[in-house]
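I have placed the structure first, in the form of structure tokens, so that the comments after it can refer back to it.
The values are calculated or read from the model by the stated rules, or taken from the named source; none is laboratory data. The shown structure was predicted, so the numbers you read here are calculated from the model rather than taken from an experiment. Cβ placement follows ideal geometry from the backbone for every residue including glycine, while neighbour counts extend to all protein chains displayed.
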Amino acid sequence: MQRPVTEEIECPHCRERTNVVVPHDDVELKPSRSVAAFGDYTTVTCPNGHEYWVYFC
Ligand SMILES: [Zn+2]
């Protein structure tokens with residue numbers, strides 16, 4: 001069984017780093033303050049309570 005892959009991403013608001021689970025380990029993570037209607041993404045809440053979107057490229 002494969003362990004889930006996590007990567008660190010920087011909050012676009014305060015630069016706190018948060019671990020996010022990624023679908024596989026060779027994706028590029030792109031943080032965004034607003035949602036776009038394309039691609040795979042996940043929502044992240046940083047330790048300071050900012051919610052943002054992370055796209056997998
Ligand atoms: Zn933040």
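Structure summary
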| read-out | value |
| --- | --- |
| In the range 10-33, residue surrounded by the most Cβ atoms within 10 Å (Cβ to Cβ) [restricted to those that are more than 15 Å from the ligand (Cβ to nearest atom) and assigned to a loop (DSSP other than H, G, I, E, B)] | V27 |
| Scope the range 13-36; condition modelled with pLDDT of 95 or more and over 9 Å from the mean Cα position of the chain (by Cα); matching residues | H13, C14, R15, E16, R17 |
| Residues satisfying the stated conditions in the range 34-57, i.e. outside any loop (DSSP other than H, G, I, E, B) and either surrounded by fewer than 11 Cβ atoms within 10 Å (Cβ to Cβ) or within 16 Å of the ligand (Cβ to nearest atom) (or both) | T42, T43, V44, T45, E51, Y52, W53, V54 |
| Cross-chain or 6+ apart pairs with Cβ under 8 Å, the range 32-57 first and over 18 Å from R15 (Cα atoms) and small (G, A, S), then within 16 Å of the ligand (Cβ to nearest atom) and not in a loop (DSSP other than H, G, I, E, B) | A36/W53 |
